[in-house]
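The values are calculated or read from the model by the stated rules, or taken from the named source; none is laboratory data. The model shown is predicted, which means the values in this text are computed figures rather than measured ones. Glycine also receives a Cβ, built like all others from the backbone with ideal geometry; neighbour counts cover every protein chain displayed. Areas reflect the complete protein model, heavy atoms only, side chains present, ligands, DNA and RNA absent. Shrake-Rupley method; radii C 1.70, N 1.55, O 1.52, S 1.80 Å.
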Amino acid sequence: MEISKQTKRHLMQVLAFAILLYCGVEHFDIVIRAFRFVMGIAMPFLIGGSIAFIMNVPMKWIEKHLFVKQEKLQKFRRAAAYLLTLLCVTGIFTLALLVVVPELGNTIGKLMEEIPVAVREAQRWLADIPNTWPALEPAVKELDIDWSSISAAAVNFVQSAASGVLSSGMGLFSGIVNSVTTFVISFTFSIYVIFQKEKLARQAKQIMYAVLPKQIPEKILSVVRLSNQIFSNFLSGQCVEAVILGTMFVVCMTIFRMPYAMLTGIVIAITALIPIFGAFIGCAVGMILIVMENPVQALWFLVLFLVLQQVEGNLIYPHVVGGSVGLPSIWVLVAVTVGGNLFGIVGILMFIPLCSVLYTLFSTFVKRRLKERRVPEAYWREKPAAEEAEEQKN
């Protein structure tokens, strides 16, 4: 039987893919090194593209409402919108650095100074127990406590916890770059992308339609449009959710007369931009700030945080952010974990909408395949509890 040319071409493609896969598995370490080398070169441009996309979300809204009736100024609309967006973003991070970090450092310093005093007070209190409660004197004598070790351990614990909190906070405040050179390249590239986005989009379309079959560019563009919509909704929803959560903490802490209400609300609002785990960083910072003023109120602040976190997780986040990305909670957790381990804060921010795009595309594919294969809905839908109980009886 003669094999057609199309079948031969498919067989050659499968054979070539199998050979490449075998070579990749046999020399996996070389593949990993090559991947890291390519990513090292491309990372500034990937970061620059991410910066441009994030900046473009609020910038589009500002540009749309800026100089609407002033026709002579409309040619400066994009530049003015970009400057306003840049000032807002820079102002937020500057506020965090200038207000939060110095106050947090002073509180940690005071806490480390107070620990030896608290240890001496505890030592004096235990020494007075035999005089106050004579019946406890034998138990106290059996205690062999090394107070200097306890004091040193407590100070070391606070120092390590503080350094961890500060490093997490500074990782958020310092941005998505690890060096000045990478930041300059990324930021410069982001400016070019923002101001030339229509031209770049037109060139990309020309290349796709010139090189690929007609159906493929249309599918790619539909995926790009879906991705852009989901990413934009996610960023907008995440910012709105952070503002709501920070406002809730300011209001509740003011009502209960807790110290550092405004400062703690700002910290939680900024750290809440990191999905799921960000608010816990803000909680740690808030407790460190409050514990020096009133340790009891620090415990009440923890209770307040847990209550508001439940309200935020069950009411605010699903409606404000969860609905915008269309991703179930379990996959949000997977996206945050994988993205954080691979690319840090940038990965956390980007993997949730990325997974949402993949989830939406795969869900559409599954539904289309079920419809093509004419699979009845009764085969896969969840049965109501009453119907399942009736089947068990029979």
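Of note:
- Sequence-ordered 3J(HN,Hα) estimates for segment 199-213 from the Karplus curve with 6.51, -1.76 and 1.60 and θ = phi - 60° stand at 5, 5, 5, 5, 5, 5, 5, 4, 5, 5, 5, 7, 9, 9, x Hz, glycine and proline given as x.
- Since only Phe231, Gln196, Val250 are under comparison, the one whose Cα sits farthest along the positive direction of the charge dipole of segment 188-266, derived from C-beta charges on Lys, Arg, Asp and Glu, is Gln196.
- Only protein heavy atoms count here; on that basis, with a 1.4 Å probe, Leu370 has an accessible area of about 50 Å².
- Net charge, Ile268 excluded, C-beta distance under 13 Å - Lys, Arg +1, Asp, Glu -1: -2
- Using a probe of 1.4 Å, the accessible surface attributed to Met350 totals some 40 Å² when neighbouring protein chains are kept in position.
- For segment 254-304, the solvent-accessible area with a 1.4 angstrom probe is 45 square angstrom per residue.
- At q = 0.21, 0.23 Å⁻¹, base-10 log of I(q)/I(0) for segment 276-315 (Debye sum, equal scatterers on each alpha carbon): -0.62, -0.71
- Cα-Cα over 19 Å, subset of Lys60/Lys199; Lys214/Lys371; Lys72/Lys197; Lys75/Lys197; Lys219/Lys367: Lys214/Lys371; Lys72/Lys197
- Gain in span if fully extended, Ala80 to Val334, counting 0.36 nm per residue against the direct Cα distance: 87.6 nm
- Remark: the Leu306-Val224 segment gains 25.7 nm on full extension, using 0.36 nm per residue and subtracting the alpha carbon distance.
- Annotation: per residue accessible area for segment 183-247 equals 61 Å², rounded to a whole number [probe 1.4 Å, protein chains only].
- Accessible-area value, Val336, 1.4 Å probe, nucleic acids and ligands omitted, Å²: 0
- Residue-span extension gain [Met39 to Arg373] - 0.36 nm each, minus C-alpha spacing: 116.1 nm
- Positive contributions from Lys and Arg (+1) and negative ones from Asp and Glu (-1), summed over other residues with Cβ under 13 Å from the Cβ of Arg77, come out at +4.
- Mean Cβ count within 10 Å, highest first, over the residues of peptides 373-381, 285-293: 285-293, 373-381
- Per-residue HN-Hα couplings for segment 59-72 [Karplus 6.51, -1.76, 1.60; θ = phi - 60°; Hz; x = Gly/Pro]: 5, 4, 5, 5, 5, 5, 9, 9, 6, 5, 9, 8, 5, 5
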